[in-house]
Structures are given as C-alpha cells and as structure tokens.
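Q: There's a structure below that I have some questions on.
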Ligand code: MSP
C-alpha cells in the first residue's frame with residue numbers, strides 16, 4: 001500500500017442515550033490536540049467524531065422519557081455538538097449512525113463486501129447480553145454473575161442472528177498486534193489484547209432480530225434483521241469518509257486511520273473485531289490504537305448517585321474553553337486513569353495559567369510598552385545574553401548552556417516538544433512548554449531588565465527582544481492545546497516583521513492588553529475555602545513599571 005501523505009484521527013462515537021460527560025470531552029480533546037498539531041505542520045488532516053445512535057440501550061432510554069428514538073437521539077446528538085463547539089474542537093465531520101445519507105450507504109456497502117467474502121452466516125445465539133455494553137457476554141466476563149462495568153446481571157437471550165467469522169482471523173490478528181502493524185498504546189493494553197485472543201475467540205453476532213431491536217440499520221437483503229449495534233458503530237470510521245459511495249475521495253485520501261482513540265473498556269472491539277472485519281473486506285488496517293484511561297472525579301467513578309459528575313459545560317462557561325482544555329491535557333495522563341476535582345483545577349489554573357503563562361505575558365508587555373513604546377527590534381548581538389539551562393532539565397542540553405533563546409528553542413525545546421507530540425505524549429509535551437515558560441521567567445529574574453533599563457537601554461531592548469521571541473514560540477507550541485490563547489499571545493506581542501527565510505520573528509510592536517490572559521480564580525464548591533497559592537515574589541521594581 002502506498003504511503004499516504006495525510007493524517008486521519010478518530011474518537012469513539014459516543015452513545016446518544018444521554019448528553020456528553022467529561023470522558024467524552026477528554027477523548028475529543030486528545031484527538032483535537034493531535035489534529036491541530038498535524039495541521040500546523042502542514043499535514044492534510046481529518047478528525048472524526050460523532051454519536052452512536054442505534055440499539056437497545058438507546059431505545060430503552062428513549063422510551064423512559066416517552067420519546068421516539070429519532071427525536072431522542074437528535075436531542076442528545078445536539079448536546080454533543082454544542083459541547084464540542086464550546087470547547088473549540090476542530091473536527092472535520094460529526095458522524096451520526098442514524099444518518100441515512102452519510103452513514104448508512106457505507107455501512108451497507110461494507111456489510112455486503114464482508115458477506116461476499118463468505119464471512120457472514122446465519123445461526124442461533126443463545127446466551128447472555130449486557131445492554132449497558134451492548135455486548136454478548138460469557139460467564140468468564142462476569143464478576144459475581146454481573147457485568148463488572150455496569151454492575152447488572154446480563155439478560156439471557158436466544159435469537160436467530162447473522163454471525164461473523166471472527167475466529168477465522170484470530171491467528172492473523174495475533175501476528176498484526178505482536179508485530180505492531182496495529183500498534184496498541186500503551187504496551188500493557190497490547191499484552192492484554194494478545195492474551196485475550198490467545199485464550200481463543202469465538203464468532204460474534206453481527207445482527208439482531210428487528211422484532212426485538214427495531215432501531216438499527218436493516219441488514220441488506222434480509223428483512224427482519226438489523227445490524228448489531230457494534231458492527232454498525234465500527235463501520236462509522238469509513239462510512240464518514242464516503243466509503244462505498246460515489247463520493248469516496250476522502251476515503252481514498254485518508255484511510256487507513258492513523259489513530260483510533262478509545263477508552264480501555266471498548267478496546268477489544270477496536271483491536272480485535274474491527275481489524276478482523278477489515279481483513280475480511282481486504283481493506284487497510286488502522287495504524288495505531290491509543291487507549292486512554294478513565295477520568296474519575298474526586299477519586300471516584302463519576303456517578304449521579306454519588307453526586308460527583310463533572311459537567312464540562314459548567315467549567316467552559318466559568319473559565320473559558322482554553323483553561324478547561326489546559327487542565328485535561330496537562331493534568332490527566334494520556335495513557336492512564338486520572339482524576340478531576342475542582343480543587344485541582346483551581347490550583348493548576350492559578351499556578352500555571354494565571355501566574356505562569358499569564359503573568360509572563362503581561363509583565364513582558366508592560367516593560368516593552370513603558371520603556372520602548374512597544375517597539376522592539378532585533379539586535380545583532382543577542383547571543384551575548386545567554387540563557388542558562390539547568391543540565392538536568394532537558395535531555396541532551398549539556399552543551400546548550402550559555403546560548404541564546406532562539407538557539408535553545410531550535411535545539412532543545414522544539415525537538416523535545418515534537419518528539420512528545422509525535423508519540424501522543426500530550427501531557428509531557430505540555431510539560432515542555434511550561435518548563436520553557438519557567439526558563440523565560442528565570443531569564444527575567446537573572447537579567448533584571450526593569451533595573452538594567454536605567455543603565456543600558458540597548459541591552460535591555462535586546463533582552464526584551466529575546467523574551468518576545470520566546471513568547472512567539474510559546475504561542476506556536478500552545479496552539480494545539482489552547483488555540484484562542486495562542487492568538488491572544490501573538491496579538492499582544494505583535495510580530496511586526498518575519499524573517500522570510502527562517503519563518504522567525506524579527507521585530508515586534510506589542511499591544512497593551514486590557515484584561516489578564518487568565519484572571520485568578522477561587523474555589524467555589526468546597527465548604528471551607530482553602531487559601532489559593534500566592535504568586536512567587538516578584539522583584540519590586542517591576543511593580544513600578
Ligand atoms: N458507542 C460506543 C463506542 C463505539 S466506537 C465505534 C461507546 N460509547 S460511550 O459513550 O459509552 O463511550 C465512548 C468513549 O468514551 C469510550 O472510548 C469510553 O471509554 C469513553 N469514556 C466513557 N467514560 C469515560 C470516563 N469516565 N473517562 C474517560 N473516558 C471515558 O462505548
């Protein structure tokens with residue numbers, strides 16, 4: 001297969017049986033960060049998300065509120081769209097499995113292709129089914145007779161189904177996972193999947209009787225059967241690209257997926273079922289499956305009865321999309337479980353956004369405005385103001401001590417940042433940005449431009465030029481994480497003139513900022529408010545700027 005010059009990233013499609021929660025927001029954010037990073041690098045990128053709208057779970061939820069299934073999923077899908085817009089997700093498509101125009105043609109085409117291979121046959125399924133997972137279960141999947149994820153006993157069902165010959169592909173799937181042809185991240189999840197397939201896998205149901213589940217895509221040529229909701233749902237990854245239709249340009253351009261992002265609870269569907277379906281249809285396989293952990297709230301699983309469900313919209317409304325994005329990206333590890341609490345949010349916000357980034361931008365702008373009317377030009381001898389880098393701070397920086405800020409960015413900061421981003425280590429990539437922000441703060445403390453201005457105007461301008469140059473690249477690295485903030489930084493530093501050859505800023509005309517980038521916030525919900533950490537002591541002279 002020819003190497004395609006494009007990038008395709010997906011989230012799971014989220015059940016439209018209710019509105020979105022923090023886990024959905026997190027998954028969308030991870031995909032958005034990587035998609036924005038790739039686009040910045042000039043890579044044609046397609047980012048897909050959407051909603052999973054068929055099946056028994058949806059049908060039952062709709063009945064509970066006395067609504068028809070279509071009206072019910074329309075209502076919930078809109079809530080997902082609203083959230084994703086509010087958090088500035090840059091998805092290129094929002095696929096809905098009840099969309100008969102966008103999703104059904106591709107789903108039907110793929111079903112037919114798999115059928116032509118001879119991998120779909122009729123049989124009778126007798127066994128257990130968990131509606132929460134929308135999945136068939138065996139005794140070994142249960143703990144004390146209950147589904148461990150939904151804490152309910154599965155229902156016994158007996159019905160005529162179409163089956164898919166999953167077992168036929170077991171050996172090939174093992175080889176593909178072992179060889180990292182399909183790379184499962186992190187490694188521990190890869191081993192889990194290998195163990196699961198090696199235990200032996202059986203064929204799976206691919207359809208359900210319409211009389212029991214009258215809400216799904218009809219099996220082509222077989223009235224009375226609807227596609228099993230997981231088969232319908234997995235098809236979204238190619239139906240959204242126009243597979244099997246006249247308009248399959250995106251499919252040709254973007255498939256196979258570079259990354260499917262999923263939670264650990266649904267990994268087996270993506271690492272085993274989906275590749276087997278693609279093998280059967282002789283289609284290329286996804287390259288990476290990125291398995292993130294679960295977000296807990298105050299150390300516990302989010303649950304309405306405990307009352308610890310975090311409403312993402314509330315945070316976005318109160319603190320803005322960028323602060324919300326920052327917290328999830330920087331404070332939750334991308335490959336493990338992580339915890340969300342208001343206290344952690346407020347502490348991280350004040351320390352790293354209000355103090356760290358926000359304060360650095362505003363103090364720099366103030367100095368440039370007061371001393372130079374905002375105009376800062378590049379000086380030839382900027383390498384004479386060395387940036388001291390602690391030896392242990394960045395890998396391989398021992399030789400960088402005493403170099404300029406531009407040199408440090410080019411040789412230490414950007415390479416490390418890019419390495420992390422390419423490995424989907426978004427949290428660590430954000431760490432690199434904030435280490436750099438710390439270095440710029442240290443640079444101000446060391447050179448004291450607020451004192452130096454009285455003795456050496458030329459050198460002070462030189463120092464401020466270096467800081468502005470550093471802030472320009474803070475903006476570059478921040479784009480995928482906090483797109484609005486990146487724009488605000490660039491507006492404030494006012495790049496006046498770019499070096500066309502290197503694409504780096506030469507001179508600046510800074511703009512006074514009326515409001516702080518991030519105003520400090522206080523805990524709202526904790527009964528006895530904790531004192532919020534105070535900013536590090538600032539040199540007094542600067543206060544007089
Ligand atoms: N509809 C299926 C996926 C079909 S993909 C072809 C589904 N939907 S879901 O709404 O239940 O979950 C969607 C995604 O959100 C999954 O990847 C799941 O792991 C993730 N999360 C659900 N709860 C979560 C947390 N508390 N934390 C992080 N992610 C979580 O499964």
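Q: Would you mind telling me which numbered condition in (1) out of contact with any strand residue (DSSP E or B) (no Cβ under 9 Å at 6 or more places or on another chain); (2) surrounded by 13 or more Cβ atoms within 10 Å (Cβ to Cβ) residue 144 fails?
A: Failing condition for residue 144: (2).
Q: Considering each residue of region 195-214, count those that are touching a helix residue (DSSP H, G or I) at 6+ places or on another chain (Cβ under 7 Å) and farther than 18 Å from residue 58 by Cβ, and give that number.
A: Just the residues of region 195-214 that are touching a helix residue (DSSP H, G or I) at 6+ places or on another chain (Cβ under 7 Å), to begin with: 196-198, 201-204, 206, 213.
With farther than 18 Å from residue 58 by Cβ added as a condition, the list becomes 196-198, 201-204, 206.
Here the count works out to 8.
Q: Now a separate question. Could you identify the single residue in 55, 50 that is within 16 Å of the ligand (Cβ to nearest atom) and modelled with pLDDT under 95? Walk me through it before giving the result.
A: On the way: 50 fails: modelled with pLDDT under 95.
Matching residue, one of 55, 50: 55.
Q: Scanning region 215-237 for residues that are touching a helix residue (DSSP H, G or I) at 6+ places or on another chain (Cβ under 6 Å) and farther than 26 Å from residue 149 by Cα, which turns out nearest to the ligand (Cβ to nearest atom)?
A: Only one residue tops the list, namely 217.
Q: If we keep just the residues of region 489-510 that are part of a helix (DSSP H, G or I) and surrounded by fewer than 21 Cβ atoms within 10 Å (Cβ to Cβ), which is nearest to the chain's Cα centre (by Cα)? Steps first, answer last, please.
A: First, pick out the residues of region 489-510 that are part of a helix (DSSP H, G or I): 489-493.
Okay, now just the ones that are also surrounded by fewer than 21 Cβ atoms within 10 Å (Cβ to Cβ), so 490-491.
On the way: 490: 24, 491: 26 Å.
So, considering only residues that are part of a helix (DSSP H, G or I) and surrounded by fewer than 21 Cβ atoms within 10 Å (Cβ to Cβ), the one nearest to the chain's Cα centre (by Cα) is 490.
Q: Working carefully through the options 186, 148, find the one that is within 16 Å of the ligand (Cβ to nearest atom) and free of Cβ contacts under 8 Å to residues at least 12 places away in the same chain.
A: Numbers: 186 fails: free of Cβ contacts under 8 Å to residues at least 12 places away in the same chain.
Criteria check complete, one pass: 148.
Q: Checking residue 301 against (1) within 11 Å of the ligand (Cβ to nearest atom); (2) touching a helix residue (DSSP H, G or I) at 6+ places or on another chain (Cβ under 9 Å), only one condition comes out false. Which one?
A: If we test residue 301 against (1) within 11 Å of the ligand (Cβ to nearest atom); (2) touching a helix residue (DSSP H, G or I) at 6+ places or on another chain (Cβ under 9 Å), just (2) comes out false.
Q: Please go through region 147-159 and pick out each residue that is surrounded by 14 or more Cβ atoms within 10 Å (Cβ to Cβ) and outside any loop (DSSP other than H, G, I, E, B).
A: Answer for region 147-159, where residues must be surrounded by 14 or more Cβ atoms within 10 Å (Cβ to Cβ) and outside any loop (DSSP other than H, G, I, E, B): 157, 159.
Q: Only residues that are part of a loop (DSSP other than H, G, I, E, B) and exposed (fewer than 13 other Cβ atoms within 10 Å of the Cβ): list them for region 101-131, please. Even if it seems obvious, please write down each step before you answer.
A: Narrowing region 101-131 to residues part of a loop (DSSP other than H, G, I, E, B): 101-103, 118-119, 131.
Once the filter is applied, which keeps residues that are part of a loop (DSSP other than H, G, I, E, B) and exposed (fewer than 13 other Cβ atoms within 10 Å of the Cβ), region 101-131 yields 101, 118.
Q: Note down all Cβ pairs under 7 Å where the first residue falls in region 279-295 and is under 12 Å from residue 182 (Cβ atoms) and assigned to a loop (DSSP other than H, G, I, E, B), the second is away from the ligand (no atom under 16 Å from the Cβ) and modelled with pLDDT under 95, and they're at least six residues apart or on different chains.
A: Listed pairs, sorted by first residue: 284/1.
Q: Let me ask you something else. Would you confirm whether any residue within region 162-172 is under 28 Å from the mean Cα position of the chain (by Cα), within 16 Å of the ligand (Cβ to nearest atom), assigned to a strand (DSSP E or B) and crowded, with 19+ Cβ neighbours inside 10 Å? Explain how you work it out, then say what you get.
A: Applying the first criterion (under 28 Å from the mean Cα position of the chain (by Cα)) to region 162-172 yields none.
Checked against the condition, which is being under 28 Å from the mean Cα position of the chain (by Cα), within 16 Å of the ligand (Cβ to nearest atom), assigned to a strand (DSSP E or B) and crowded, with 19+ Cβ neighbours inside 10 Å, region 162-172 yields no hits at all.
Q: Kindly check whether there is at least one residue in region 260-271 that is within 12 Å of the ligand (Cβ to nearest atom), over 19 Å from residue 136 (Cβ atoms), out of contact with any strand residue (DSSP E or B) (no Cβ under 7 Å at 6 or more places or on another chain) and at pLDDT 95 or above.
A: There is no residue in region 260-271 that is within 12 Å of the ligand (Cβ to nearest atom), over 19 Å from residue 136 (Cβ atoms), out of contact with any strand residue (DSSP E or B) (no Cβ under 7 Å at 6 or more places or on another chain) and at pLDDT 95 or above.
Q: What's the number of the condition residue 241 fails, among (1) surrounded by 23 or more Cβ atoms within 10 Å (Cβ to Cβ); (2) within 12 Å of the ligand (Cβ to nearest atom)?
A: Every condition holds for residue 241 apart from (2).
Q: Within region 272-298, track down each residue that is more than 12 Å from the ligand (Cβ to nearest atom) and closer than 27 Å to residue 340 by Cβ.
A: 288, 298
So that you can scan it fast, the table gives a plain yes or no per residue for (1) closer than 17 Å to residue 229 by Cα; (2) more than 9 Å from the ligand (Cβ to nearest atom); (3) touching a helix residue (DSSP H, G or I) at 6+ places or on another chain (Cβ under 8 Å):
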residue: 4; (1), (2), (3): no, yes, yes
residue: 14; (1), (2), (3): yes, no, yes
residue: 17; (1), (2), (3): yes, no, yes
residue: 30; (1), (2), (3): no, yes, yes
residue: 36; (1), (2), (3): no, yes, yes
residue: 40; (1), (2), (3): no, yes, yes
residue: 61; (1), (2), (3): yes, yes, yes
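Q: For residue 223, are the conditions met, namely being part of a loop (DSSP other than H, G, I, E, B) and under 27 Å from the mean Cα position of the chain (by Cα)?
A: Working: part of a loop (DSSP other than H, G, I, E, B): yes; under 27 Å from the mean Cα position of the chain (by Cα): no.
So residue 223 fails the test.
The values are calculated or read from the model by the stated rules, or taken from the named source; none is laboratory data. Quick caveat, the model's predicted, so the values are computed rather than measured. Cβ: placed from backbone, ideal geometry, glycine included. Neighbour counts: every protein chain shown.
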